[in-house]
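Reading through the structure tokens given below for one structure.
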């Protein structure tokens, strides 16, 4: 996934990076919500165990962590599970 992420970093559109892990209970609960938003926004799913370099690059210390990036720069972040409306609000800021 680290190599897949390099493509998103150079993309100018706004997108979400969703960091999670298969052993994380809250991640398993939150992932279906994120998947349901894929038709509305660009979301890249990143497993911190498979892509530790990417997690380190974005200073991800807890999962789930959701970042909104644009032009390769972070413009929003939250840790933990949120509602669809809270995700939309962060994305549309």
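The values are calculated or read from the model by the stated rules, or taken from the named source; none is laboratory data. All values derive from a computational prediction rather than experimental measurement. Glycine also receives a Cβ, built like all others from the backbone with ideal geometry; neighbour counts cover every protein chain displayed.
Output the residue which, of all residues in region 7-23 that are in contact with a helix residue (DSSP H, G or I) (Cβ under 9 Å, 6 or more places away or on another chain) and closer than 19 Å to residue 52 by Cβ, is modelled with the lowest pLDDT.
Keep residues of region 7-23 that are in contact with a helix residue (DSSP H, G or I) (Cβ under 9 Å, 6 or more places away or on another chain), which gives 9, 14-22.
Now narrow it down to the ones that are closer than 19 Å to residue 52 by Cβ: 9, 17-22.
On the way: 9: 56, 17: 97, 18: 97, 19: 98, 20: 98, 21: 98, 22: 96.
It comes out as 9.
Restricting attention to region 64-92, which residues are surrounded by 12 or more Cβ atoms within 10 Å (Cβ to Cβ) and either part of a helix (DSSP H, G or I) or more than 13 Å from the chain's Cα centre (by Cα) (or both)?
84, 86, 87, 88, 89, 90, 91
Tell me which residues, restricted to region 52-84, are in contact (Cβ under 8 Å) with a residue 60 or more places away in the chain and on the phi > 0 side of the Ramachandran plot. Reasoning before the result, please.
Of all residues in region 52-84, those in contact (Cβ under 8 Å) with a residue 60 or more places away in the chain come to 69, 72, 75.
Selection gives 72 alone.
Of everything in region 33-51, what is part of a loop (DSSP other than H, G, I, E, B) and either without any contact (Cβ under 8 Å) to a residue 40 or more places away in the chain or surrounded by 14 or more Cβ atoms within 10 Å (Cβ to Cβ) (or both)? Give them in sequence order.
Here is the first cut: in region 33-51, the residues part of a loop (DSSP other than H, G, I, E, B) are 37-42, 48-51.
Scanning region 33-51 gives 37, 38, 39, 41, 42, 48, 49, 51.
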